[in-house]
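S.K.: Quick one: the structure is below, and I'll ask about it shortly.
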Amino acid sequence: LNVTEAGAYLDVVKVQFQDKPEVYRVFLDIMKDFKDQKIGTSGLIQQVSRLFHGNPPLVQGFNVFPLPIGYRIDVSDNPMDDNITVTTPKGTTMHHST
């Protein structure tokens, strides 16, 4: 984990939701649940995608955190396309962020 990049990402999330501090707290709770192994990688990706729906840079930026080998989350460059592509060790799957 690149602590500088992770810290910068957390700062971006905090600033982005400065008027909605509960979103930042929910994000920290999701990360804690993952660290404590209460949720797996798929659950982590799903919850973060849902929380940051409509904010592709935050979804894409989440890759600063080291997901297990073979996992990656990507969003389309097209602003009209809110699909999220999740790459897993078993292949690539599309998830529509809702």
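The values are calculated or read from the model by the stated rules, or taken from the named source; none is laboratory data. Bear in mind that the values here come from a model prediction, so they are computed numbers and not experimental data. Neighbour counts are summed over all protein chains in view; Cβ atoms, including those assigned to glycine, are modelled from backbone coordinates with ideal geometry. In case anyone asks, the SASA skips ligands and DNA or RNA and just uses the protein heavy atoms, side chains included. Shrake-Rupley method; radii C 1.70, N 1.55, O 1.52, S 1.80 Å.
S.K.: Cβ-Cβ distance below 9 Å, separation of 6 or more or different chains: which pairs start in region 69-91 with a residue that is under 17 Å from L44 (Cα atoms) and basic (K, R) and end on one that is in a strand (DSSP E or B) and open to solvent by less than 60 Å² (accessible area, probe 1.4 Å)?
M.R.: The qualifying pairs are R72/T85; R72/V86; R72/T87; R72/T88.
S.K.: Considering only residues of region 28-66 that are modelled with pLDDT of 85 or more and not in a helix (DSSP H, G or I), which is most open to solvent (accessible area, probe 1.4 Å)?
M.R.: Only one residue fits best here, namely Q37.
S.K.: Name the residue, out of K14, K38, that is touching a Phe, Trp or Tyr at 6+ places or on another chain (Cβ under 7 Å) and either charged (D, E, K, R) or at positive phi (or both).
M.R.: Working: K38 fails: touching a Phe, Trp or Tyr at 6+ places or on another chain (Cβ under 7 Å).
Selected residue: K14, the only one of K14, K38 that is touching a Phe, Trp or Tyr at 6+ places or on another chain (Cβ under 7 Å) and either charged (D, E, K, R) or at positive phi (or both).
S.K.: Among I84, I73, which is the only one that is touching a strand residue (DSSP E or B) at 6+ places or on another chain (Cβ under 6 Å), at pLDDT below 85 and open to solvent by less than 40 Å² (accessible area, probe 1.4 Å)?
M.R.: I84
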